[in-house]
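Colleague: Let me begin by handing over the structure; questions about it come next.
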Amino acid sequence: KKRREAAEAFAQGGRTWVAASVGPYGAMLADGSEYRGRYGLSVRELERFHRPRVAALAAAGPDALALETVPDLDEAEALVRVAEETGLPYWLSYSVAGGRTRAGQPLEEAFAVAAGRASALAVGVNCCEPEEAGEAVEQAVAVTGRPAVVYPNSGEGWDAGARGWTGRSTFDPGRVRAWTAAGARLVGGCCRVGPDLITELAGRLES
């Protein structure tokens, strides 16, 4: 309810959506596996884990579900099946590395999980290095025929052992034009991309 009120206040009479975030199984383990997948669980086991969580979020009345930071094709399949049960629109967003899912599957196969799904608003990537985003957007659009969603992280690396970020930021709001030209319609930033960078990104779109 509070998020809905905040969205409406921000919109000032316009239309603003509230999406309920559905993160990966690995985030619960808190061992960094949200960035690598390969949990050793079947699609059915992942469905059983996600179903009550997604049902609770759907009951709160969001406009859409954000199936995000998904590292593994198997988990994406489980999430899409569960999301379809709610009747809500959703987007599917993978965390990727080296042109593949974090679990190592080809992106063409990963994006195909949402192909032909009427409830899929968009398909793409988040919480990845900014340099990975452009090519992934092109692949997502080509495979699914849907708009793409893209919100990479700062480009810094996550050290699961030390539980901290390493390296430097490479997030450049100037890339947003290339993303939208390739078919992205939902754009933004993920971990370590703060309000100032999002404001600059939005300004580049408005101009």
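Colleague: Does residue 123 satisfy being closer than 18 Å to residue 194 by Cα, in a strand (DSSP E or B), under 12 Å from the mean Cα position of the chain (by Cα) and hydrophobic (A, V, I, L, M, F, W, C)? Reasoning before the result, please.
Modeller: Values: closer than 18 Å to residue 194 by Cα: no; in a strand (DSSP E or B): yes; under 12 Å from the mean Cα position of the chain (by Cα): yes; hydrophobic (A, V, I, L, M, F, W, C): yes.
Spelling it out, it is not the case that residue 123 is closer than 18 Å to residue 194 by Cα, in a strand (DSSP E or B), under 12 Å from the mean Cα position of the chain (by Cα) and hydrophobic (A, V, I, L, M, F, W, C).
Colleague: Also: Among the residues of segment 153-197, how many are closer than 15 Å to residue 34 by Cα and assigned to a loop (DSSP other than H, G, I, E, B)?
Modeller: The qualifying residues number 6.
Colleague: Still on this structure: Just to be sure I understand the filter: pairs with C-beta atoms under 6 Å, separated by 6 or more residues or on different chains, first member in segment 92-113 and more than 16 Å from residue 81 (Cα to Cα) and of a type in the set (Ser, Thr, Tyr), second member assigned to a strand (DSSP E or B) and open to solvent by 10 Å² or more (accessible area, probe 1.4 Å). Which pairs pass?
Modeller: 95/69
Colleague: Let me ask something else about it. Any idea which residue in segment 61-77 is farthest from residue 50 (Cα to Cα), counting only those that are among the charged types (D, E, K, R) and in contact with a strand residue (DSSP E or B) (Cβ under 8 Å, 6 or more places away or on another chain)? Walk me through it before giving the result.
Modeller: Filtering segment 61-77 for residues among the charged types (D, E, K, R) gives 63, 68, 72, 74-75, 77.
Narrowing the set further to residues that are in contact with a strand residue (DSSP E or B) (Cβ under 8 Å, 6 or more places away or on another chain) leaves 63, 68, 72.
On the way: 63: 19, 68: 13, 72: 14 Å.
Step by step, filter segment 61-77, then rank; the result is 63.
Colleague: Return the residue satisfying two criteria in turn: it lies in segment 130-157 and is closer than 12 Å to residue 94 by Cα and open to solvent by 20 Å² or more (accessible area, probe 1.4 Å), and of such residues it is farthest from the chain's Cα centre (by Cα).
Modeller: 132
Colleague: Moving on to the next point. For residue 108, work out the one condition from (1) open to solvent by 10 Å² or more (accessible area, probe 1.4 Å); (2) assigned to a helix (DSSP H, G or I); (3) of a type outside the set (Ser, Thr, Tyr); (4) in contact with a strand residue (DSSP E or B) (Cβ under 8 Å, 6 or more places away or on another chain) it doesn't fulfil.
Modeller: Failed condition: (4).
The values are calculated or read from the model by the stated rules, or taken from the named source; none is laboratory data. All values derive from a computational prediction rather than experimental measurement. Positions of Cβ are generated from backbone atoms using ideal geometry, with glycine treated the same way; all protein chains shown enter the neighbour counts. Remember, those area values only see protein heavy atoms, side chains included, never the ligands or the DNA or RNA. Shrake-Rupley method; radii C 1.70, N 1.55, O 1.52, S 1.80 Å.
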